[in-house]
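Following: one structure in structure tokens, then a few remarks.
What follows is calculated from the coordinates using simple rules that are stated; it is not laboratory data. Since we're looking at a predicted model, the values are computed, not measured. Ideal geometry is used to build each Cβ from the backbone, glycine not excepted, and the neighbour counts take in all protein chains shown.
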Amino acid sequence: MEQSVKNMRVAVYPGSFDPVTNGHLDIIHRAAKVFDKLIVAVLNNTSKNPLFSLEERMELLRLATKDLPNIEIDGFRDLLVNYMRDRQAYVVVRGLRAVSDFEYELQMASTNRKLSDEVETFFMTSTPQYSYLSSSIVREIAKFHGPISELVPPEVEEALRVKYPTSLGKS
Ligand code: COA
């Protein structure tokens, strides 16, 4: 029997994704098995001065998740709870890499709950091999032409090579 959209379990995985890393993809692949549809929502955060534009970050996510049928890549620039209401989604997925993530994530989940009592946050623990990974660590290694092939998907590695054609370590 076909499942109606209303009964679908839709979750939103929000973040900056500047750029998407294998750590994010670990969460995306696992969450895609749990929910009927996963919307990966890229924050258009002007205050963070990202390396990649919103369009570039979304395109890299599209390429990296093209094999997953139940993923949608979208952008947002609103409060997360407002965006979720517009998309009729009530579950936020977040990854927990280490204990150090917990305080910030708890604050964010509690704030979202305060702003909307319909929103629930589901935490997924990172696969240990990615527990140290972050987008800024990847950007830092790429800037000096260090090895990143085990940290990001090939399309992101290529995009970083274009952003940093010469190593900032060489004069
Ligand atoms: N694997 C690898 N890296 C991960 C990761 C994982 N599983 N989970 C998080 N990270 C990294 C990110 O790469 C990022 O790294 P960087 O800081 O080095 O670039 C860092 O952890 C922060 O993660 P991210 O998910 O990008 O969080 P964020 O703080 O940029 O964005 C939002 C969080 C978008 C969910 C939040 O800011 C938001 O909802 N904003 C909208 C406004 C709003 O509603 N505010 C009220 C809620 S508090």
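In what order do 78, 26 fall by count of nearby beta-carbon atoms within 10 Å, going from fewest to most? Can you show the working numbers first?
On the way: 78 13, 26 17.
So the ranking, lowest neighbour count to highest, is 78, 26.
Which log10 I(q)/I(0) values, to two decimals, does region 24-170 give at q = 0.11, 0.16, 0.20 Å⁻¹ under the Debye formula with one point per Cα?
Each listed q maps to, in turn, -0.47, -1.01, -1.50.
Based on the alpha-carbon gyration tensor of region 1-111, what equivalent-ellipsoid semi-axes (square roots of 5 times the eigenvalues) come out, in whole Å, largest first?
On the way: eigenvalues 90, 60, 46 Å².
Working from the Cα gyration tensor, I get semi-axes of 21, 17, 15 Å.
May I ask for log10 I(q)/I(0) of region 11-75 at q = 0.12 Å⁻¹, from a Debye sum over the Cα atoms as equal point scatterers with solvent left out?
Debye output, listed in q order: -0.26.
Run down the lysines and flag those whose C-alpha is under 16 Å from the C-alpha of residue 163, throwing out any fewer than 8 positions away in its chain.
Leaving aside lysines fewer than 8 places away in the same chain, those within reach of residue 163 are 143.
How large is the dipole of region 7-163 about the Cα centre if only Lys and Arg carry +1 and Asp and Glu carry -1, each at its Cβ, rounded to the nearest 20 debye? Kindly include the intermediate steps, with their values, before the conclusion.
Working: 19 positive and 22 negative charges, 20 e Å.
The calculation lands at about 100 debye.
At a Cα cut-off below 20 Å, give the aspartates and glutamates reachable from residue 33, other chains included and same-chain residues fewer than 8 away excluded.
By straight Cα distance, residue 33 reaches 2, 67, 72, 74, 120.
Please list 141-153, 8-20, 33-45 highest first by mean number of surrounding beta-carbon atoms within 10 Å per residue.
Numbers: 141-153: 15.9, 8-20: 21.2, 33-45: 19.2.
The densest-packed peptide leads the list: 8-20, 33-45, 141-153.
Quick one: net charge of residue 18's neighbours, Cβ under 14 Å, K/R +1, D/E -1? Walk me through the numbers before you get to the answer.
Details: positive: 48, 57, 139, 143, 163; negative: 55, 56, 59, 140.
Computed value for this residue: +1.
Once you keep just the Cα pairs under 8 angstrom separated by 6 or more residues, what percentage relative contact order results for the chain?
Numbers: 234 pairs, mean separation 45.3, N = 171.
Once normalised by length, the contact order is 26 percent.
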